[in-house]
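First comes the structure, then the notes that go with it.
The values are calculated or read from the model by the stated rules, or taken from the named source; none is laboratory data. Being a predicted model, the structure only gives us computed values, none of them experimental. So basically every Cβ, Gly included, is an ideal-geometry build from the backbone, and we count neighbours across all protein chains shown. The area values use the complete protein model at the heavy-atom level, side chains included, leaving out ligands, DNA and RNA. Shrake-Rupley method; radii C 1.70, N 1.55, O 1.52, S 1.80 Å.
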Amino acid sequence: MAGAGIPVVALVGRPNVGKSALFNRLVGSDTAIVSDEAGTTRDRHFGRAEWGGSSFWLVDTGGLTEDPTVPMDVEIRKQVIEAIGEADLLLLVVDAKVGVHPSDARVVDLLRDSRKPWLLVANKVDDPASTDFYEFYRLGAGDPFPVSANNGKQSGDLLDAIVERIPPADVEEPDVLRLAVVGRPNVGKSSFVNRLLGENRLVVSDVAGTTRDAIDTPFRYHGRDYVFVDTAGLRRQSKIDEGIEFYSSLRTRRAIERADICVLMLDATQGLENQDLKIAALAWEAGRGLIVVVNKWDIKEDKDDKSAHKFEKEAREKAPFLRWVPFIFTSALTGQRVTKVLDVMQEVAEERLKRIPTSQVNDTLQQLVARRQAPQAAGREVKLIYATQVETAPPAIAVFGNNPDAVQEHYVRYLHNGFREAYGFTGNPLRMLLRRKNG
């Protein structure tokens, strides 16, 4: 579900009536991809909206179509029906420029059957004086709300109407841990999230690039609230076409920025590729927690009891920072070790917030310096005096000395590894800051 006590409002309707544009207008950010290509929005898309002191989750759905022979359209229909079941209020979006479409009446029947409260929203009414949206009364769905997602006209009135009709949020949303599922296309990210959540929340298809947008999917585990951001999968920049794929890649990077922890999914049958390393480095450099999930382990050929260790060893030779990152070998198809990811995720979240008392950090620094002195710079004495943890999420340790700029990089690495051995901070980057001790 979308959160503790926060109401859910779902946008439904046939394709190209402007649901994604309206979603962006109401949420107040360009979090859904908007395109003239029918069927761009393929999954339920969650966004948080605030209005008049109330907050609610807005769910953008794929457009309903009438062609049952197209598998993706069948999937989208399932998604919309699922969204209807989940929502506290439904918004049927119609196109005022096109007028009443036969599909609109069929959607009205679907909504009536749901026995949920709903509103009829006539979109693309850029100028109410010159647009005839009254024909929508024929649907027998009450007063249509004329709006323009394009220029924002009447969107405030629509938000007022939504807030009037949704139940109050009875529980404050607790701190939510955000998890971005990242990786190349078609490594099984959607299947993996579905397996974890125990329901088909995301459209899964064998067509590469099915998940074009970053989908926010809230859930609870062991009494804590999380949000999965199942991302579109980064493509090599040279392969990105103008339009949807470009924005999708851009949003994947933004999803990393919005996350606390990134789950990097690899395909066991393909191994660790350069693009995977780039994504891992993006997350690590952004200060995010990181877990590597090697999916499709069940179908990897020529496995033995040393294969997992060999895989990790080779990965860490390519990117030494992966030494501090947990690897989990899973199968989204069979469910093998998938729930272990949730437990490791909790551990990485705790390590991310861990704070070491200054006295302990100082003791560790003294032991490290006693074991190996900092190399002296030409004509300048280098003394390291004390250290303290100055930040969490991600953790950072500041080391104070008389000539911080003279400390060589290999010695900073030595200190970093020493603090790692002492305190772990598993799955998280550890920042080392060298500062001048005045006086």
### Task
Return a yes/no flag: does segment 404-411 have any residue that is in contact (Cβ under 8 Å) with a residue 24 or more places away in the chain, part of a loop (DSSP other than H, G, I, E, B) and closer than 27 Å to Leu322 by Cβ.
yes
### Query
Can you name every residue in segment 317-348 that is outside any loop (DSSP other than H, G, I, E, B) and of a type in the set (Ser, Thr, Tyr)?
Thr339
### Task
Identify the residue in segment 131-161 that is over 38 Å from the mean Cα position of the chain (by Cα) and more than 14 Å from Leu92 (Cα to Cα) and, among all such residues, is surrounded by the most Cβ atoms within 10 Å (Cβ to Cβ).
Thr131
### Task
Being crowded, with 20+ Cβ neighbours inside 10 Å, aromatic (Phe, Trp, Tyr) and within 16 Å of Ile261 (Cα to Cα) is the filter here, so list the residues in segment 304-344 that pass it.
Trp324
### Message
Exactly one condition in (1) open to solvent by 20 Å² or more (accessible area, probe 1.4 Å); (2) at pLDDT below 95 is false for Phe400; which is it?
### Response
(2)
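Taking the criterion of being touching a Lys or Arg at 6+ places or on another chain (Cβ under 7 Å), more than 17 Å from Leu434 (Cβ to Cβ) and at pLDDT below 95, would at least one residue in segment 338-349 satisfy it? Quick ask: steps written out before the conclusion?
Step one: filter segment 338-349 for residues touching a Lys or Arg at 6+ places or on another chain (Cβ under 7 Å), giving 338.
From what is left, the residues that are more than 17 Å from Leu434 (Cβ to Cβ) are 338.
Retained after the next criterion (residues that are at pLDDT below 95): 338.
Checked against the condition, which is being touching a Lys or Arg at 6+ places or on another chain (Cβ under 7 Å), more than 17 Å from Leu434 (Cβ to Cβ) and at pLDDT below 95, segment 338-349 yields at least one hit.
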### Summary
Within segment 361-382, restricting to residues that are among the hydrophobic types (A, V, I, L, M, F, W, C), more than 43 Å from the chain's Cα centre (by Cα) and assigned to a loop (DSSP other than H, G, I, E, B), the one that is nearest to Arg436 (Cα to Cα) is Val382
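When the residues of segment 412-439 are filtered to those that are part of a loop (DSSP other than H, G, I, E, B) and surrounded by fewer than 18 Cβ atoms within 10 Å (Cβ to Cβ), which remaining residue is modelled with the highest pLDDT?
Checked segment 412-439; the qualifying residue modelled with the highest pLDDT is Gly424.
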### Query
Given Asp109, Asp104, which one is among the acidic types (Asp, Glu) and open to solvent by 10 Å² or more (accessible area, probe 1.4 Å)?
Asp109
#### Entry: Any strands (runs of 3 or more DSSP E) falling wholly within segment 192-303 and containing at least 3 residues that are modelled with pLDDT of 85 or more and either open to solvent by less than 10 Å² (accessible area, probe 1.4 Å) or among the β-branched types (Val, Ile, Thr) (or both)
261-267, 289-295
### Task
Please go through segment 79-123 and pick out each residue that is more than 18 Å from Pro7 (Cα to Cα) and part of a loop (DSSP other than H, G, I, E, B).
Ala96, Lys97, Val98, Gly99, Val100, His101
### Task
Being open to solvent by 40 Å² or more (accessible area, probe 1.4 Å), modelled with pLDDT of 85 or more and of a type outside the set (D, E, K, R) is the filter here, so list the residues in segment 64-99 that pass it.
Val98
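Has segment 24-45 got any residue that is among the hydroxyl-bearing types (Ser, Thr, Tyr) and at pLDDT 85 or above? First the steps, then the outcome.
Step one: of segment 24-45, the residues among the hydroxyl-bearing types (Ser, Thr, Tyr) are 29, 31, 35, 40-41.
In the following step, the residues that additionally are at pLDDT 85 or above were identified as none.
Looking for residues that are among the hydroxyl-bearing types (Ser, Thr, Tyr) and at pLDDT 85 or above, one finds none in segment 24-45, hence no.
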